[in-house]
Structure formats: C-alpha cells, structure tokens
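K.L.:
A single structure is presented below for examination.
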Amino acid sequence: MNILVSGAGIAGLALARELGTRGHDVTVVEYGRHLRLTGTPIDIRGDAIEAVDRMGLLAKIQKQRVRMSELTQFVDSEGEPVARIPMAEVSDSDDDIELLREDLVRILADALPDTAAIRFDDSIETLTDDGDDGDDGGIDGGGVDVRFASGRTGRYDLVLGADGQHSAVRRLVFGPEKDYLRHLGVYFALADHPDEARSEGANSIYNVPSRMAGLFRYNGKAVAVFQFRSEPIDYDHHDLDAQKKILIDAFAGHRSWRIPELLDAALADPAFFFTSASQIHLPSWHRGRVALVGDAGYCPAFLSGRGTSLALTGARFLAEELQRCGNDHTAAFARYEARQRPYVTFAQDRVYSGRDRMLPTTWDAIAARNKALQATGPGAP
Ligand SMILES: Cc1cc2nc3c(=O)[nH]c(=O)nc-3n(C[C@H](O)[C@H](O)[C@H](O)COP(=O)(O)OP(=O)(O)OC[C@H]3O[C@@H](n4cnc5c(N)ncnc54)[C@H](O)[C@@H]3O)c2cc1C
C-alpha cells in the first residue's frame, strides 16, 4: 500500500520502519525542518521492549541506555541535596530501558528501509477520504486525497496520524482537540543548557510551591527542565516565543537557586520544547482510511512515563494487523485498537502520584516530601 504518515517522532518513525519493512511505500511528512531531537531521557517499558526487539533494534538501543534517574536529587536554594528520587518511583522494572529521546529518534531514523522516506518542512492541510468501498474491506478502489501546506497533493491508501499531542490529522478527521483533551494541571518545558554541558554533578531539582526547575546532565549534555501547575493556557503550539513567555511568566518573582540562569537558557534555545501534561481520550482511533498512533491518538501525558512505549507498541500492532488482515484496513484498524487499548488504559490511569511528588503546592508540603524521602532509607541522600 501507499501510506502517508504524519509526524516523524517516535510513533511516525516506528511506523515507517514497521510498514516499510513489510513492503509498503511509506511517506512521512514532518512539520519540522529536521528530526526533532530535543528531550530528556525517555523509557521503553514492558512489551515495547519486545516491539523494538522484533524491529531488530534492541541491541542498538541497549547500547545507548542511560541510568540517569538513579542520580537525581532534590536540592535546597543553596543547591545542597535534601532528598533523592527513589528508583521505584520512576521505574517499574529493572528491565525498563532509559535512553535519550534523541538517541531513539536517531536509531529509528537510521533503520528506515528504502521503501520509507521523510519529507521535512511540510504538513497535511486537508484530507478527503473516499470512504470504505464495499465488500472488499477497502483493499481496492478507495483512497485519501491529501493537500499539503507546501501546495503538493497526493493520493494514499491510508493516512496515519503520528503527529503528537496536538495532531493535525486528529483535528482534520475527528474534530477539535478540546473535545478529546484532558488537562492534568501541569506544564513542562525543557531547553539545552550548553554552558553546563561539560560540568560534572548529579541531576538537581529545585522546588518552589507548584513549580520545579531542574538541571539534568547526561552524555556530555545539560538540559534545563521546568514543570509548573496551571489551569489550561490557550497558546499557539507552533509559536515558540509565546511558549517561552508563558514559562517566564509562570516563574515570575522566583529567583532562588539557579532559576534565572535556567530561564535564560530556555530563552536562548531555538529548540525549546513546551507541552502540557494532557491526555487524549478518543472512543476510537480510526475512521475510514485514517488511523491515529502514539500521542496523536492516546497521549498518556509525560507524567505517565509511557508515551514512548505506547508509540512503539502501537506502531508494531498496526503494522502486524495490516499484514495479518491482508491489507484489509477496516479489520486491521479494529484489531490494532483491540490489542493496544489495554496498554493505553493502563498508562493513562497512572499519572497522578508523579505529579504530586514532583510539584508540592506549599513550602510545608515541599518540606514534608523531602522528609518522607529521607526516611525511606534506600532513597536517602
Ligand atoms: C521535541 C520533542 C521533545 C520531547 N521531549 C519529551 C521529554 O523530554 N519527555 C517526555 O516524556 N516526552 C517528550 N516528548 C514527547 C514524547 O516523544 C512522546 O510523548 C512519545 O514519544 C510518543 O511519541 P509520538 O511520536 O506519538 O509524539 P512526538 O514524539 O511528539 O512526535 C510527533 C511528531 O510529529 C510532528 N508534528 C507535529 N505536528 C505535525 C504536523 N501538523 N504535521 C507533521 N508533523 C507534525 C512533531 O514535530 C514531532 O516530530 C517530546 C516530543 C517532542 C516532539
């Protein structure tokens, strides 16, 4: 089949690999001008490990494994460690693989077969699905006409939306984001901090009520990380300056520890990343010849630590089911959804403890959190 994938993130690249190696012609259209490599380390967990194993990428991924969370500590305004995050808080199992998002993106992109190509700096503007075409289960005849922002046009057997939390494919086919978004009350930002890249030290997190700022280091890189609690904020998801301003405003009046310096790093970073902790809940992830994979369909929020794993299992199940169903996309989409749904429910159900641990709302609650962690023995600094 001739398949269009929107988004070259984890889900899009995994789909391109899985579908391309099964003989489909895959075009990935990516809004960014190049692969987007920003990100703190992410986790591959549970059956997602088997998914990357079946892709033949497990050994490469294991080579890039980091153990960053073991070294992460809460600090006071002087930078003195006051508590450590216990591993049990961040990892379900010793088998979990933590690696830089950047490394996973590169490994997936390097593994694309000749049948898959990425087109950067473009995006889908309109989609017209001919609909399902009768008794053949949609194998022949129908298709999706696509017009791109670049002015190009194309016709595809299937269109897969892997374009993340603010998916354009979802908006075009299923309706506005607000109908599916569940905001969890937290925003997240990160930025490169090149001045700190070479210095040694543990990863540090500093709290003020309802906010945290952190400095994480790994593999010769340093990243400024921020989280803050907030009601939903309306902003343009492609306007970086507007997103930086939201972050600056959220920390207005807070100048303790290294907050000003970390905010300066955010202002200076052209690859600054900003998102909300929000989940996407859709009753179904497919309509006609269009299906959603990864955050586009079922974002569990970064607080779950499972978005990447869902993207990987989703890509695998969808590709396997298309193969099993002889390209009858209607049957395959239904089977993909039946296999993937339990993983999504599990991931989306387990987000709140991380938020409360990371973002206490008062100074007293921050002190109580630190005290509780000090008392837990193995987690004590
Ligand atoms: C730059 C970046 C940094 C991230 N950092 C973290 C992190 O530190 N911690 C964490 O837990 N999660 C992070 N995430 C999210 C995490 O990668 C996902 O939750 C998870 O891996 C699921 O992947 P996904 O492919 O569904 O979505 P994503 O990884 O978000 O990928 C979506 C892709 O689609 C592209 N895209 C968006 N809109 C369009 C459009 N209209 N047309 C074409 N392409 C489009 C995006 O540029 C992106 O490449 C980050 C995502 C990005 C894009």
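K.L.:
Please tell me if Gly32 is under 18 Å from the mean Cα position of the chain (by Cα), on the phi > 0 side of the Ramachandran plot and either hydroxyl-bearing (Ser, Thr, Tyr) or within 14 Å of the ligand (Cβ to nearest atom) (or both).
P.N.:
no
K.L.:
How do the pairs read when you match residues in the range 38-52 that are under 30 Å from Pro270 (Cβ atoms) and touching a residue at least 24 places away in the same chain (Cβ under 8 Å) with residues anywhere that are among the basic types (Lys, Arg) and more than 6 Å from the ligand (Cβ to nearest atom), using Cβ under 8 Å and keeping only pairs 6 or more apart or on different chains?
P.N.:
Taking only residues 6 or more apart or on different chains, the pairs are Asp43/Arg306.
K.L.:
Quick check on my filter: what residues within the range 40-57 are part of a helix (DSSP H, G or I) and among the β-branched types (Val, Ile, Thr)?
P.N.:
Of the range 40-57, the ones part of a helix (DSSP H, G or I) are 47-54.
Ile49, Val52, listed by residue number.
K.L.:
I need the strands (runs of 3 or more DSSP E) fully contained in the range 133-215, keeping only those with at least 3 residues that are more than 14 Å from the ligand (Cβ to nearest atom) and under 21 Å from the mean Cα position of the chain (by Cα).
P.N.:
Numbers: elements: 144-148, 153-156, 158-161, 181-192, 203-208.
Filter on the range 133-215 gives 181-192.
K.L.:
Same structure again: Return the pairs, sorted by first residue and then second, in which the second residue is part of a loop (DSSP other than H, G, I, E, B), the first residue lies in the range 231-255 and is of a type in the set (Gly, Ala, Ser), the beta carbons are less than 6 Å apart, and the residues are 6+ apart or on different chains.
P.N.:
Listed pairs, sorted by first residue: Ala242/Tyr235; Ala242/Asp236.
K.L.:
Just one of Ala266, Ala222 is assigned to a helix (DSSP H, G or I), within 15 Å of the ligand (Cβ to nearest atom), more than 21 Å from Gly164 (Cα to Cα) and of a type in the set (A, V, I, L, M, F, W, C); which is it? Break it down stepwise before answering.
P.N.:
Numbers: Ala222 fails: assigned to a helix (DSSP H, G or I).
Answer to the selection: Ala266.
K.L.:
Provide a single number: the residues in the range 299-327 that are modelled with pLDDT under 95 and over 23 Å from Ala189 (Cα atoms).
P.N.:
Count: 2.
K.L.:
Looking at the range 114-125, I want the residues that are in contact (Cβ under 8 Å) with a residue 40 or more places away in the chain and closer than 14 Å to Ala162 by Cα and have a partner that is more than 10 Å from the ligand (Cβ to nearest atom) and among the hydrophobic types (A, V, I, L, M, F, W, C) with Cβ atoms under 7 Å, at least 6 apart or on another chain. Which pairs are those?
P.N.:
That search, which allows pairs on different chains as well, returns Ile124/Val146.
The values are calculated or read from the model by the stated rules, or taken from the named source; none is laboratory data. This structure is a prediction, so every number in the text was calculated from the model and none was measured. Ideal geometry is used to build each Cβ from the backbone, glycine not excepted, and the neighbour counts take in all protein chains shown.
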